[in-house]
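> One structure coming up, written as structure tokens, with questions to follow.
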Amino acid sequence: QVHLVESGGGLVQAGGSLRLSCAASGRTFRNYYMGWFRQAPGKEREFVAGISWSGISTNYVDAVKGRFTISRDNAKNTGYLQMISLKPEDTAVYYCAAGPVGGKYDSWGQGTQVTVSS
């Protein structure tokens, strides 16, 4: 498993942007696929975006397509989520996650709060 720490969350007005970072340690990040999830208070955690170990393939939940971009820098053991045109409904705690190729997400960060005001 990989130890993950998110950063970059904060307060932003609707239409603004934020860039989240996910620093990984413990194992070579290159060997893991990674993704981002989010959870509002009292709500279930939902998938937001994912990226393959190679960085070639990405996928997004429909609600963020065209606004969020996931990327990774394996040499720096870091993943990113660039968020633009933020909406109040994007407000949630965002979690970075990772998993071994061929497996499921098994490593999770502690979360970083993103709050979007109207």
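> Confirm whether Leu11 is part of a strand (DSSP E or B), aliphatic (A, V, I, L, M), open to solvent by 80 Å² or more (accessible area, probe 1.4 Å) and touching a residue at least 60 places away in the same chain (Cβ under 8 Å).
Yes.
> Same structure, new question: Condition test on Tyr105, is it open to solvent by less than 40 Å² (accessible area, probe 1.4 Å) and among the hydroxyl-bearing types (Ser, Thr, Tyr)?
When the stated conditions are applied, Tyr105 does not pass them.
> Any residue in the stretch 101-116 that is at pLDDT below 90 sitting within a Cβ distance under 7 Å of a residue that is not in a strand (DSSP E or B)? List the pairs, counting only those 6 or more apart or interchain.
Val101/Asn31; Val101/Trp53
> Taking the stretch 52-94 as the search range and keeping residues that are closer than 16 Å to Val2 by Cβ and open to solvent by 70 Å² or more (accessible area, probe 1.4 Å), which one is nearest to the chain's Cα centre (by Cα)?
That would be Trp53.
> Another question about this same structure. What's the number of the condition Asn31 fails, among (1) open to solvent by less than 50 Å² (accessible area, probe 1.4 Å); (2) at pLDDT below 95?
With (1) open to solvent by less than 50 Å² (accessible area, probe 1.4 Å); (2) at pLDDT below 95 applied to Asn31, the lone miss is (1).
> Further, regarding this structure: Can Ala97 be described as touching a residue at least 12 places away in the same chain (Cβ under 8 Å), more than 13 Å from Ser52 (Cα to Cα) and open to solvent by less than 10 Å² (accessible area, probe 1.4 Å)? It would help to see each step written out before you state the result.
Working: touching a residue at least 12 places away in the same chain (Cβ under 8 Å): yes; more than 13 Å from Ser52 (Cα to Cα): no; open to solvent by less than 10 Å² (accessible area, probe 1.4 Å): yes.
No; evaluated as a whole, the condition is false for this residue.
The values are calculated or read from the model by the stated rules, or taken from the named source; none is laboratory data. All values reported here derive from a predicted model rather than from experimental measurement. Here the Cβ is made from the backbone with ideal geometry for all residues, glycine too, and neighbour counts use every protein chain on show. To get the accessible areas, we keep the full protein, side chains included, count just its heavy atoms, and leave off ligands, DNA and RNA. Shrake-Rupley method; radii C 1.70, N 1.55, O 1.52, S 1.80 Å.
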